[in-house]
Structures are given as C-alpha cells and as structure tokens.
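Each remark here refers to the structure printed beneath this line.
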Amino acid sequence: MTFATLPATDLETGHRLDFLLVADMVEPGSRVLDVGCGDGSLLAILRDGKGVDGRGIEISREGVNACLAKGLPVIQGDADTDLADYPDDAFDYVILSQTIQATRQPRVVLEHLLRIGRRAIVSFPNFGHWRVRIDLGLRGRMPVTENMPYSWYDTPNIHFCTIRDFVELCREVGAQMEKAVALNAGGHPMRVTLPWWVWNLLGDQGVFLLKRR
C-alpha cells in the first residue's frame, strides 16, 4: 500500500506549494544557487517572480536539458563533490530542495551551503511522519509517499531524516534557524506555535531558512 499522490500545487499558478514557500523566503534580485535543481521549476519561479540572478546544479542530464530548455543557466554536477569548488559568500541564497536525503554526506553538504551562501534554504521529506511510522511499525514495509515515491530498491534517498534530526544537525554545525516551517500532506504550513514533536509527527516535509552564526 502506498500514499503517493501528485505534489500539492497552487490552483491559480499551478506551481508546487513547497516551491512557492521557498520562493517567499528569497529577497528579490538576490544571487541564488539552486543545488539539485531538477527540471528548473523552482529556479524559473525565482527568475520570473523575484528577478533573481539564479544558477543551478543538477546531477541528471535530463534535468540539465530541461533547465536549458527554460533558458536557465545550469551545469551538470554533484552536490557531494562540486560544492567544494565554490568560494565563500558567492551567493545570497543557496537552496537545497528535497535533495539532502539523497547526498552521501549531508553534514558536509550543509556546511558548504552555509559557507557558499549568506543564507541557506533546505527542504526535505520528514521520515518521522505518522504515515511513515505506520508503514514501518504496523506493516513492516519501507514507506512510499508523495515526497518519497520510490521503492526501497530503486530510491535515490540514502539518508532519511526526521524534522527533529535536522534540527539537531543544525545545532551541531552551528546554523542559526531564521525560519522553520512544517508542511502538512496538503502542502500547507502548519501552525508555528506547535511544538517540535507535533511537527515531527504530522509534518509531511520541513523547510528551513538558515544562516551562519
């Protein structure tokens, strides 16, 4: 049994709700690096809506081709190896959307994000969500959800984490959380006043705006 559905989208624009939330965290006209930018949908939103000077890194040739077709400056590269080549403070924002769980060294990648950009925006699927717990605890099966749509044998995700895990990682690397949002299964932000354990149980994904201390 799976829970996979289409990503939640805005009815007026057709854009993914989590992309719109990330875009709302970026100041207009900023220099932006989108790491693991996929087909460039988020970069296109930032370019068209915020007038950013955006660049992208994408590991798949298909993703790079899709970005180039949109007129986006994107190179083929790997977050685990290529971020070390970027100088300090090269961008205002470095974005890692739904990608950190697919990297081999999440902590190293996060440290590079905070070094390269004045701020970092990281989003990821929450492995602590109640539907994931049900699949693991009651069915004894690896979960398949909207944000984790692959079977265990072909998933690119190799480092699953929960919202609480990521908060602890931020503390370990000395990252200051300027904004943290948990999205429910419908892609809408949960109440900010809820405690971490509720976000960890009911949040389908987490989105964090970070900067160096």
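The values are calculated or read from the model by the stated rules, or taken from the named source; none is laboratory data. The model shown is predicted, which means the values in this text are computed figures rather than measured ones. Methodologically, a virtual Cβ is constructed for each residue, glycine included, from the backbone with ideal geometry; neighbour enumeration extends over all protein chains shown. SASA here: full protein model, heavy atoms, side chains in, ligands and nucleic acids out. Shrake-Rupley method; radii C 1.70, N 1.55, O 1.52, S 1.80 Å.
Would you mind getting me the FRET efficiency between ARG31 and GLU168? Use the beta-carbon distance for r and R0 = 30 Å, nearest 0.05.
Numbers: r = 30 Å, r/R0 = 0.99.
Here the calculated transfer efficiency is 0.50.
Exactly which trypsin sites (Lys or Arg not before Pro) in the stretch 34-137 are in a DSSP loop and have at most 13 other Cβ atoms within 10 Å? Don't skip to the answer; put the middle values down first.
On the way: sites: ARG47, LYS50, ARG55, ARG61, LYS70, ARG104, ARG107, ARG115, ARG118, ARG119, ARG131, ARG133; in loops: LYS70, ARG104.
Here the trypsin sites (Lys or Arg not before Pro) that fit, given the DSSP loop and packing criteria, are ARG104.
Provide the percentage of antiparallel DSSP beta bridges, counting only those with both residues in the chain; round to the nearest 5. Could you put the intermediate results ahead of the total?
Details: 16 of 34 bridges.
Restricted to the chain, the bridges split so that about 45 percent are antiparallel.
Counting heavy atoms of the protein chains only and a 1.4 Å probe, report the per residue accessible area for the chain as a whole number of Å². Please list the in-between numbers first.
Numbers: 10420 Å² over 213 residues.
Ligands and nucleic acids excluded, the result is 49 Å² per residue.
Select one label from (i) 122; (ii) 133; (iii) 144: the one whose number is volume of the Cα convex hull per residue in Å³ as derived from the coordinates shown.
Identified label for the calculated read-out: (i).
Between MET177 and ARG191, how many nm apart are label points set 7 Å from Cα along the C-beta direction?
1.8
Which aspartates and glutamates have a Cα lying under 12 Å from the Cα of LYS211, excluding residues fewer than 8 positions away in the same chain?
The qualifying aspartates and glutamates are ASP89, ASP92, GLU111, GLU178.
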